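This report refers to the structure that appears directly beneath it.
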Amino acid sequence: MTDLKKEGAASQPVISIDSLAPAAIERKAESIGVTKNALTLSRLIPLALAAGFFIGLGGLYFTLFMADSSLSFAVQRFAGALMFSLGLALVIICGAELFTGNSLMIGALASRKIPVGGMLRNWIWVWIFNLVGAVILVTLVYLSDTPKLGQMGATMMKIAAGKVSLGWGTLFFKGILCNVLVCLAVWMGFAAHSVADKILAVLLPVSAFVALGFEHCVAKMYFLPMGYLLASSGFPAPAGFDPSVITIPGIFYNLSAVTLGNLVGGFMVALVYWWAFAEKKA
């Protein structure tokens, strides 16, 4: 371990610049779960709103690259996916309550540090206000005429139509794979000591899930309402696009599959490390 310590100042604290070890990350994850369980609604609601807004900003940045048809498939997906990482970086560094990351609270529950009711309360309120935060961003993006930039609007509708066309089972398993990667990014963020560390921890896992087309329920809270608003307002549609494919019931049907898949993916990450490192109570 590398330590920074002033010579001759034995009473000064030693500051480690190493990342946390895996067992320490697990303990920190449980402690964070306890803190999240104790949040009052007056703090939980604005932080959940912020997370939905932040993830939507990542989705908006991603769309800019997806709208550039001059890029090759792999370059377009990779560049857009890196830009999408903005959303989780803002959540981790600025502080926000994100439903998918909060699935890691299952570790604190397994160690009997939080009650089931408290965990479910957190998830329900955070999911609802992540959605509200994402819809606020959708409204601002629409009113700002951002969809009129290049092919942004047409691409927003194409993205939404592609997501609603998938079957429930496909969405569920894409949701699992997505949140394994998202929660691993959050987990590595727990290990980090600096802003730079946290950004680097986020980039590869998040860009991987986006580039590979896995499904994140909070990202969909931005993408699907954005496509619906454009389609229902008569925005010029791309060739072959059917506005009727994006409906409110269809959006919630879609979200149901991805939300459950995301929970399973988060459980997989949290419980593997809980099994390996947690102090088990008799």
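Some observations on this one:
- Looking only at residues of region 250-282 that are of a type in the set (G, A, S) and under 20 Å from the mean Cα position of the chain (by Cα), we find that the one that is surrounded by the fewest Cβ atoms within 10 Å (Cβ to Cβ) is S256.
- Residue count for region 209-254, restricted to those that are out of contact with any Phe, Trp or Tyr (no Cβ under 8 Å at 6 or more places or on another chain), more than 26 Å from E97 (Cβ to Cβ) and among the polar types (S, T, N, Q): 2
- Of the residues making up region 247-282, just one is in contact with an Asp or Glu (Cβ under 7 Å, 6 or more places away or on another chain), under 20 Å from A24 (Cβ atoms) and among the aliphatic types (A, V, I, L, M), namely A278.
- Residue identified as under 17 Å from F53 (Cα atoms) and of a type outside the set (F, W, Y) among V218, V164, V195, V202: V218
- Subset of region 163-172 [surrounded by fewer than 13 Cβ atoms within 10 Å (Cβ to Cβ) and either touching an Asp or Glu at 6+ places or on another chain (Cβ under 8 Å) or not in a helix (DSSP H, G or I) (or both)]: S165, G167
- Total residues in region 37-67, condition touching a Leu at 6+ places or on another chain (Cβ under 9 Å), under 11 Å from E97 (Cα atoms) and without any contact (Cβ under 8 Å) to a residue 40 or more places away in the chain: 0
- Of all the numbered requirements in (1) aliphatic (A, V, I, L, M); (2) farther than 14 Å from G59 by Cβ; (3) crowded, with 21+ Cβ neighbours inside 10 Å; (4) touching a Gly at 6+ places or on another chain (Cβ under 6 Å), A160 misses one, and that requirement is (2).
- Residue in region 183-197 that is touching a Ser or Thr at 6+ places or on another chain (Cβ under 7 Å), part of a helix (DSSP H, G or I), touching a residue at least 40 places away in the same chain (Cβ under 8 Å) and under 25 Å from S69 (Cα atoms) present: no
- Filter result for L230 (part of a helix (DSSP H, G or I), in contact with a Leu (Cβ under 7 Å, 6 or more places away or on another chain), touching a residue at least 12 places away in the same chain (Cβ under 8 Å) and not acidic (D, E)): no
- Search result, residues across region 233-272 that are aromatic (F, W, Y) and in a loop (DSSP other than H, G, I, E, B): F235, F241
- Selection status of V206, assigned to a helix (DSSP H, G or I), out of contact with any Asp or Glu (no Cβ under 7 Å at 6 or more places or on another chain), more than 16 Å from V164 (Cα to Cα) and at pLDDT 95 or above: yes
- Qualifying residue in region 137-146 (condition: crowded, with 20+ Cβ neighbours inside 10 Å, in a helix (DSSP H, G or I), at negative phi and under 19 Å from the mean Cα position of the chain (by Cα)): yes
- Against the list (1) in a helix (DSSP H, G or I); (2) charged (D, E, K, R); (3) crowded, with 21+ Cβ neighbours inside 10 Å, the condition E215 fails is (1).
- Filter pass, V132 being in a helix (DSSP H, G or I), buried (at least 21 other Cβ atoms within 10 Å of the Cβ), at pLDDT 95 or above and touching a Leu at 6+ places or on another chain (Cβ under 7 Å): no
- Qualifying residue in region 74-97 (condition: surrounded by 22 or more Cβ atoms within 10 Å (Cβ to Cβ) and outside any helix (DSSP H, G or I)): yes
The values are calculated or read from the model by the stated rules, or taken from the named source; none is laboratory data. Given the structure is predicted, the values throughout are model-derived calculations rather than measurements. As a convention, Cβ positions derive from the backbone with ideal geometry for all residues, glycine included, and neighbour counts pool all protein chains shown.
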